[in-house]
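Report on the structure given below.
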Amino acid sequence: MTLLHFEIRKMLRTNRGAVIAALFLAAELLLCALTDFPANSDAELYREQYLHYLEQVDGAWTREKADYLEREAARGADERYAEGLDVIYEQYRYVNEGRENRFFLDANGWASLLRDRALDLPLAAAIILLSVPVYCGEAASGMESLVLTSRNGRRLFLLQKTALTLAATAALSLSTDLIRLAFCAAKYGLPHSDYPMQSVEAFGGAEKALTLAGAEALAATLRLLGALELAAVTLCISAYCRRFALAAFLSSAVAVLPWIGLGQKTQYALPLPSSLMMPVGFLRGSEYAADAASGGTVTVFREATAAQTAAVSLGAALVIAVCLLLLRRRYGGAIGGGRGALPKAAALGLALCLLLGGCGDAEPPEDVIYNSRDSAAYEYGGLTVTSENGRPVVRDGDGNVTALPLDPLAPVDGAVYIEPFFARGRYVYFRREFSESVGWSLADDSGKTYVASLLRVDLDTFKTEVVFETVTQPRSSE
Amino acid sequence: MRLFRFELRKLFLRAPVFAALAVFTVLDLAKIRAVADDASLLRTDEVWARVCREQYGNYSGEITLDKIDALLDLYKPLEWITNDITATTRSDVEGTLTGNYYSDRNLLERYFVSPMRRFYNCRGDAETVVRLARENEALYTRLGCSYEARMNAAVARIYSGRAVTEFRYTEGYRLLLTYDFSAVLALLILLYALCQTFARDRECRMDELMLATPGGGSSSILAKLAAATVFTLAVPLWFSTVDYLGFGLVLNLSEANGLPVYAEGTMSAASVGMTLLGFYAVSALTRALGFWALGMVFLLISEAGRHALLPFAAGAGVFLLCTAAGVRWGYSSEALLKAANPYCVIINRLLFGRTEFINVLGVPVLTWQAAIVMSALLGLTAAALALFLGGKNNIRKGVLA
């Protein structure tokens, strides 16, 4: 067996690299499956009807297509395709705003693939877990000093260890892209990769002239660069710190703190591993918000120009180069065998449940008997439910009047009850919405969180319970 | 006691820990500054800051009808001419506060009208809550639902007598109470320090040696647990103090120290009624308790690892799981899932800021009370397990002491 074989075996078996990689892949797949949602849910829901229209207008904007859609909208679609017409007309209005680079396209696949996500924590964790034991393991087992005296304990080992770690990192990063590509292609399809990326609504304001495939290729390249940078920095830290705890602590801080601590504006101007590992930020267009002081607009996010992206990439490459030079300086080209550390990779599995999407599976009532918009009153066991000022009011035979819901806190907690309400059997159903102006997230706490609940009041006991609930988080808090 | 001091020095009072604390404190202060610059226009706009200072003198202090009338006299005409966008957008208009009508309107709305409205409405809203709760209590008593009746009685008790009588500047507290960055910093330091509690001994084979000494075994584990307790309580409390001082430096906190906590907009449905300063102290202590419970879990994990890497990764994983669960259920009506999550005890404004109950054998218990009890239980269980599962030596204890 050659030395390289030993190194590979050490990484995959002794340091549990194989387990880490397997857990990482599982985590990525689970993340895709759990957190993915269609950007345009109507297009997904009424897919057939939507495709019926899309077939006629697919591609760039033309006068004929616009006339056709206007005509269809004015005429009113026939029953079978009504929902599809709504979807395509929405898209038409979007395309109309930027005719030269917004194309008609079934964009859900690309939108999902190029979604602005949170930092890929499984990837960062896998890189740190793979890189920390490479040098810390040698230092901890005392093998380091032994190897320095051996014939091959020179440049060759440093080279092999570093190259191997970087190669593994590259493989992890690229497999993330492949998993996402495969997932989106299977779930939505990724048609027309040669259309401009502005065809996807999230990039509508971007100035860059990139095709969809080009955007994905650029994103993958930047992510790869970020992953390599994190690995190089981690290797360098672990070579100098020599202790597992300190190395893991420092590299986690490098990976996570800029992402949480820095605002969107500064993040993409610096060659940080975390910003490169969230490459969609380099593709997005500028965003604006109203300014309270002047009544005008302020820039919330400034689009990264091609030059800025290039400068950041160059900076990252420079960081990698400096780390490698420092590694060489540290060991003078000497490091070798040893038992290495045993990072119990099972820990990574815990990161896998990072984001738990989805919602409860309680069923809303199937055949509602009473709808407050359609009928005046609902009778149940001597009780009469009517709608007064948008709230259901219950009257019994003795003249007792009870306004529902029995929520004493409504004046202070900002809950809003929304018409219509429904009744079936002994239950009255309502919708309630909360919006919290302060995000629940540890990251940028901007934006609002919406909680929509379906409540059920039992008319026998007036007990209220929540039967279904969804929580919508602001984008930055994923 | 000697063992305890020794473990404390060995594990936590070390140069890397202090260096990390110092660097993270600086990072924390920088982030506080950035948050304040981002959210408060008084920090970025000199004109606004000057006008607010001038106007604040007119309205601060006890809320009287005269002050409200004066404020509305100033605000209503502005609202009138800016709503239909007929006012000029020039920025050098005579007779305005900031030089521009829209800017004036926004300033008054943001810093005076809307807080004043909130403060003023507080009493009426609370009275409505009490009235509704009493009605519900009567109804549920009649229908024989004793738990619902008790819950409404509790709501009426909590909300009776609520009122805000003074107008104060609360923006600083809003930012302070929703600031979470320091929790991540504290977490990283705790993870770093705690994950080596047992792994360090193991790395240098000290653990085998210790089993052969009278001070080893469970008494040394006990000393480790005690040292870790002191450390896990001290670090979050340190950061909470830094947060308070940091926000106090960049924005004025002291003005609102004495206001009741429900005067702050995000806490309007709070289930506690203490002052804002008092609440911040309680919140900081609760956060420290949450960190202590998590810390004991980290220690338990640390006992299983040969090196510090596994405890570090597993600890981070545990925290991420708690975070994911907190993000998923923090806002929902699943009160139990909220209260049982250490993350929600650390970021505790949704526990204190909502009036929600958990049904414990027919008795309504507020979520924050249940959460504190459950965190304490979690920490104690983890500590007991760490003690129980740790290495035992069969030398009689107390010989050395």
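The values are calculated or read from the model by the stated rules, or taken from the named source; none is laboratory data. This structure is a prediction, so every number in the text was calculated from the model and none was measured. Cβ atoms come from the backbone with ideal geometry, glycine included; neighbour counts cover every protein chain shown.
Scan segment A:121-140 and give yes if some residue there is of a type outside the set (Val, Ile, Thr) and part of a loop (DSSP other than H, G, I, E, B), otherwise no.
No.
Has segment A:243-251 got at least one residue that is under 22 Å from A:Asp36 (Cβ atoms), surrounded by 19 or more Cβ atoms within 10 Å (Cβ to Cβ) and within 14 Å of chain B (Cβ to nearest Cβ)?
Looking through segment A:243-251, none of the residues is under 22 Å from A:Asp36 (Cβ atoms), surrounded by 19 or more Cβ atoms within 10 Å (Cβ to Cβ) and within 14 Å of chain B (Cβ to nearest Cβ).
Would you confirm, using the coordinates I've provided, whether B:Thr178 is surrounded by fewer than 22 Cβ atoms within 10 Å (Cβ to Cβ), away from every other protein chain (no Cβ under 11 Å) and within 24 Å of B:Cys322 (Cα to Cα)?
It is false that B:Thr178 is surrounded by fewer than 22 Cβ atoms within 10 Å (Cβ to Cβ), away from every other protein chain (no Cβ under 11 Å) and within 24 Å of B:Cys322 (Cα to Cα).
Given the conditions (1) within 14 Å of chain B (Cβ to nearest Cβ); (2) touching a Leu at 6+ places or on another chain (Cβ under 9 Å), report the number of the one that A:Ala139 does not fulfil.
Failing condition for A:Ala139: (2).
Among the candidates A:Glu465, A:Glu478, which residue alone is modelled with pLDDT of 75 or more and farther than 30 Å from B:Ala263 by Cβ?
Within the list A:Glu465, A:Glu478, the selection yields A:Glu465.
Could you please give the count of residues in segment B:177-191 that are outside any helix (DSSP H, G or I) and over 18 Å from B:Leu27 (Cβ atoms)?
1
Results for (1) closer than 17 Å to B:Ala193 by Cα; (2) within 14 Å of another protein chain (Cβ to nearest Cβ); (3) surrounded by 22 or more Cβ atoms within 10 Å (Cβ to Cβ), shown as yes or no for each residue.
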| position | (1), (2), (3) |
| --- | --- |
| B:Ala226 | yes, no, no |
| B:Ala284 | no, no, no |
| B:Phe298 | yes, yes, yes |
| B:Gly317 | yes, yes, yes |
| B:Leu321 | no, yes, no |
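Are any of the residues in segment B:111-134 over 19 Å from B:Ile158 (Cα atoms), in contact (Cβ under 8 Å) with a residue 60 or more places away in the chain and within 7 Å of another protein chain (Cβ to nearest Cβ)?
There is no residue in segment B:111-134 that is over 19 Å from B:Ile158 (Cα atoms), in contact (Cβ under 8 Å) with a residue 60 or more places away in the chain and within 7 Å of another protein chain (Cβ to nearest Cβ).
State all residues of segment B:195-204 that are closer than 14 Å to B:Glu303 by Cα and either loosely packed, with under 14 Cβ neighbours inside 10 Å or facing chain A (nearest Cβ under 9 Å) (or both); if no residue qualifies, say none.
Matches in segment B:195-204: B:Cys195, B:Gln196, B:Ala199, B:Arg200, B:Glu203.
Restricting segment B:55-71 to residues that are part of a helix (DSSP H, G or I) and touching a residue at least 24 places away in the same chain (Cβ under 8 Å), which is farthest from the other protein chains (Cβ to nearest Cβ)?
Restricting to residues being part of a helix (DSSP H, G or I) and touching a residue at least 24 places away in the same chain (Cβ under 8 Å), the top hit is B:Lys67.
Residues to consider are B:Ala34, B:Ala49; find the one that is touching a helix residue (DSSP H, G or I) at 6+ places or on another chain (Cβ under 7 Å) and within 14 Å of chain A (Cβ to nearest Cβ).
Exactly one residue qualifies, and that residue is B:Ala49.
Among the residues of segment B:135-149, what is the count of those that are facing another protein chain (nearest Cβ under 7 Å) and either surrounded by fewer than 19 Cβ atoms within 10 Å (Cβ to Cβ) or within 11 Å of A:Thr402 (Cα to Cα) (or both)?
The total comes to 3.
For A:Glu229, state whether it is in a loop (DSSP other than H, G, I, E, B) and over 12 Å from A:Ala111 (Cα atoms).
No; evaluated as a whole, the condition is false for this residue.
Could you pull out the residue among A:Arg102, A:Arg93 that is free of Cβ contacts under 8 Å to residues at least 40 places away in the same chain and either crowded, with 22+ Cβ neighbours inside 10 Å or basic (Lys, Arg) (or both)?
Just one listed residue meets the conditions, A:Arg93.
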